[in-house]
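Report on one structure; see the data block that follows.
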Amino acid sequence: MTTPDYAEKIPNNVDLRDDRRLQRALESWQPNFLSWWESMGPTLPTRDVYLRTAVNVGREGWAHFGHVPMRDYRWGIFLAERDPGRRVGFGDHKGEPPWQQVPGEYRSELRRLIVIQGDTEPASVEQQRNLGATAPSLYDLRNLFQVNVEEGRHLWAMVYLLHAHFGREGREEAEELLRRNSGSEDAPRILGAFNEETPDWLSFFMFTYFTDRDGKYQLGTLKESAFDPLSRTCEFMLKEEAHHMFVGTTGVDRVVERTAQLMVEHDSDEVAARGAIPLAVIQKYLNFHYSVSLDLFGGETSTNVANYYTAGLKGRWLEDRRRDDHKLTSESIMVDALQDGEIGQTEVAALVGLNTDLRREYIADCQSGVKRWNRILSGAGLEPRLKLPHVAFNRKVGAFAGIEATPDGELLTAGEWERRKGEWLPTDVDKTHVRSLMQPVHERGKIAAWIAPPRNGINGKPFDYDYVHLA
Ligand code: BYC
C-alpha cells in the first residue's frame with residue numbers, strides 16, 4: 001500500500017507521480033474542476049469550514065478534521081487497499097482474479113456505468129448550491145458543505161478511472177461531467193432525480209436519506225465489480241457516504257421531533273402557524289423523494305443489468321452473503337408488473353430481474369428510517385404515522401411509468417391523478433410554506449424554530465462550536 005502523497009497537487013494513494021502522462025492529464029482537468037466548483041458549487045461566501053478531509057484509507061485515522069477555506073479543500077484520489085487474494089464473486093468470471101485493466105470487450109459498458117455514477121456526484125452539489133443561505137444552524141451548514149466537498153471527491157474518484165483506463169474517450173467523458181448541469185435544458189444530468197431541485201432543507205434531508213441511499217446500494221454493487229480499481233474506489237466512497245446518510249436520517253428525525261413537540265404542546269396538528277412543518281407535509285416530501293429515488297434503480301426487468309452481472313461488471317448487494325450459485329442462469333424471481341392493466345407481479349429470469357432485487361434491498365432499508373421516525377411520534381404519545389408509499393406511486397421509470405396510483409396502490413385515471421395529486425405530493429402552497437420557514441440561523445449555538453437541535457456535535461465538538469466562519 002502506498003502512503004498518500006500530500007506534497008502533490010492532487011493528493012493520492014495511486015502513485016500518480018510514477019505515471020507522468022496520467023498526472024499531467026489529471027492536473028489539466030483540475031483547474032476545470034475548480035472553475036466548475038466556483039461557478040456551480042456552494043454560493044454562500046465563507047472564510048472557512050470545519051471539514052473532514054480523507055487522508056488515508058486504513059481502518060484507523062482515515063480522516064483529518066480542521067477549519068479549511070473550501071476552495072483549498074484537498075480533493076484527492078483514494079482507493080481502498082488492494083486485496084491480493086480477491087477473486088471475482090459472480091457471473092461468468094466467478095473464481096478468477098479481478099482485472100487490473102479494462103478488458104476490451106467490456107470497455108463501453110464499464111465506461112457507461114462509471115459515467116452514470118460520476119454524473120450524479122457533481123449533480124447533487126449543483127442541486128444543493130443555494131442551501132447555505134437558509135441553513136437552520138452552523139452545525140447544519142457545516143454538514144451541507146461536508147456532503148458537498150465529498151460529492152466533489154466522488155467525482156474525482158470516477159474521473160480518475162476514466163482518465164487512467166479509458167484513454168481519449170475517458171478524458172472526453174470527464175469534460176462532459178463538468179459540462180452537463182442539473183436541470184439544464186440543453187445538457188441535463190443523466191438520471192431523473194438529479195435534475196430535480198433541492199430548494200429547501202426538508203428536501204435536502206429527504207434527498208440525503210432517500211437518494212444518497214440509492215448511492216449506497218449502487219456503490220455496493222459496483223464494489224463487487226471484477227474491475228478491481230472500480231471495486232476499490234467504491235469501497236472507499238462508501239465510507240464517506242455513511243455520513244451523508246447520517247445527515248439525512250438525523251435531519252428528518254429532528255424535523256419530526258420538532259413537529260411532534262409542537263403537536264403535543266398545542267394538542268393540534270396545525271403546527272404551520274407555529275413555525276413548524278406539518279406532518280402531512282413531511283409525508284408528501286417523503287412520498288416525492290422516495291418515489292423519484294425508486295426510479296433510479298432502472299426498470300423492473302433489464303437486459304442491461306443481466307449483461308452487467310454475467311460479465312462481472314456489477315454484482316448484487318452483499319453478493320458473498322447470497323446462498324446460490326452466483327451465476328443465476330437457472331433461477332427466477334417475481335417482479336412487479338402491470339398485468340391486464342392491474343398492478344401485480346410476474347415471474348422472470350433472475351438475471352433480468354436484478355434491478356428489482358436491488359430495489360427491494362433498498363426498500364427494506366428505507367423502511368427502517370420510517371420506523372425510526374414513527375418511534376419519535378409514538379414516543380411523544382401521538383397517533384399519526386409516516387409511511388412509504390406503494391412502489392407504483394409516482395413512477396416515471398419501469399413497469400408503472402405509464403399508470404397512476406395512490407400511495408396505497410390503487411389505480412387512478414389520468415384525470416383523477418391530476419385532480420388529487422396535491423393530496424400526496426408537495427403543492428406550490430406546501431413548498432412556499434416550507435420555503436418561508438427557511439430563514440437562516442448563522443449564529444453560533446442557535447437553531448431555527450422548525451427543527452430540533454442535534455443530540456451531538458461533529459467529531460466530539462459541541463453543538464455551539466464555530467463550525468463555519470462566514471465571509
Ligand atoms: N433516469 O435497462 P434499464 C449516487 C435508462 S446515486 C433516466 O432499466 P439499467 C448519489 C437507462 O440508462 C447512484 N434514464 O436501466 C446519490 C436505459 O437507457 P438506454 C448512481 C434512466 O441500465 C446522491 C433505459 O433507461 N449510480 O451515487 O438496467 C448524491 C432502460 O433502463 C433511468 C448508478 O446509478 C433514470 N432514473 O439500470 C450523490 C450506478 N433509469 O440503455 C450521488 C450506475 C434507467 O435504453 N448505473 N434509465 O439508453 C447503473 O447501474 C444503471 O445504469 C441504472 C439503470 C441502475 C441507472
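The values are calculated or read from the model by the stated rules, or taken from the named source; none is laboratory data. Remember, it's a predicted structure, so these values are computed and weren't measured experimentally. FYI the Cβ positions are ideal-geometry reconstructions off the backbone, even for glycines, and counts take in every protein chain you see. When the accessible area is computed, the model is the full protein with side chains, heavy atoms only, and any ligands, DNA or RNA have been set aside. Shrake-Rupley method; radii C 1.70, N 1.55, O 1.52, S 1.80 Å.
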Assigned charges on the beta-carbon of Lys, Arg, Asp, Glu; the stretch 191-329 dipole about Cα centre (debye): 460
Trypsin sites (Lys or Arg not before Pro) within the stretch 246-309: DSSP coil, no more than 15 neighbouring Cβ in 10 Å: none
Translational diffusion of the stretch 239-288, µm² s⁻¹ [Kirkwood Rh, Cα pairs; Stokes-Einstein; 20 °C; 1.002 mPa s]: 182
When each of Lys327/Lys371; Lys239/Lys396; Lys239/Lys371; Lys239/Lys314 is checked by Cα-Cα distance, pairs over 27 Å: Lys327/Lys371; Lys239/Lys396
Per-residue ³J(HN,Hα) for the stretch 349-364, Karplus 6.51 cos²θ - 1.76 cosθ + 1.60, θ = phi - 60°, Hz, x for Gly and Pro: 4, 4, 4, 6, x, 5, 5, 5, 4, 5, 4, 5, 4, 5, 4, 4
Residue-count net charge about Phe210 - beta-carbon cut-off 12 Å; Lys, Arg +1, Asp, Glu -1: -3
Only Lys, Arg (+1) and Asp, Glu (-1) charged, at Cβ; the chain dipole about Cα centre in debye: 1080
Average accessible surface area per residue within the chain, 1.4 Å rolling probe, Å²: 42
Separation of alpha-carbon centers, the stretch 222-267 and the stretch 395-414, rounded to whole Å: 27
Peptides ranked, highest mean first, by Cβ atoms within 10 Å: ranges 149-161, 315-327, 169-181: 149-161, 169-181, 315-327
Apportionment of accessible area to carbon and sulfur, the stretch 71-135, percent (1.4 Å): 42
Local electrostatic count, Cys366, Cβ distance below 12 Å [Lys/Arg +1, Asp/Glu -1]: +3
Rounded to whole Å, sorted largest first: equivalent-ellipsoid semi-axes of the chain, Cα gyration tensor: 35, 31, 19
GluC sites (Glu not before Pro) within the stretch 347-456: DSSP coil, no more than 14 neighbouring Cβ in 10 Å: Glu410, Glu443
Solvent exposure, largest accessible area first (probe 1.4 Å, DNA, RNA and ligands not counted), of His433, His165, His244: His433, His165, His244
Those residues of the stretch 455-471 whose amide nitrogen sits under 16 Å from the label point placed on Asp72, 7 Å along Cα→Cβ: 468-471
Neighbourhood charge, 11 Å Cβ-Cβ cut-off, centred on Asp186 and excluding it, Lys, Arg +1 and Asp, Glu -1: +1
Value at 222 nm in deg cm²/dmol, rounded to 500, when DSSP H runs of n ≥ 4 in the chain each add -39,500 (n - 2.57): -15000 deg cm²/dmol
Whole-number D in µm² s⁻¹ for the stretch 1-133, Kirkwood Cα-pair radius fed into Stokes-Einstein, 20 °C, 1.002 mPa s: 121
Fraction of antiparallel bridges per DSSP, the chain only, in percent to nearest 5: 90
Hydrodynamic radius (Kirkwood) for the stretch 353-471, which is based on Cα pairs only, to one decimal in Å: 18.4
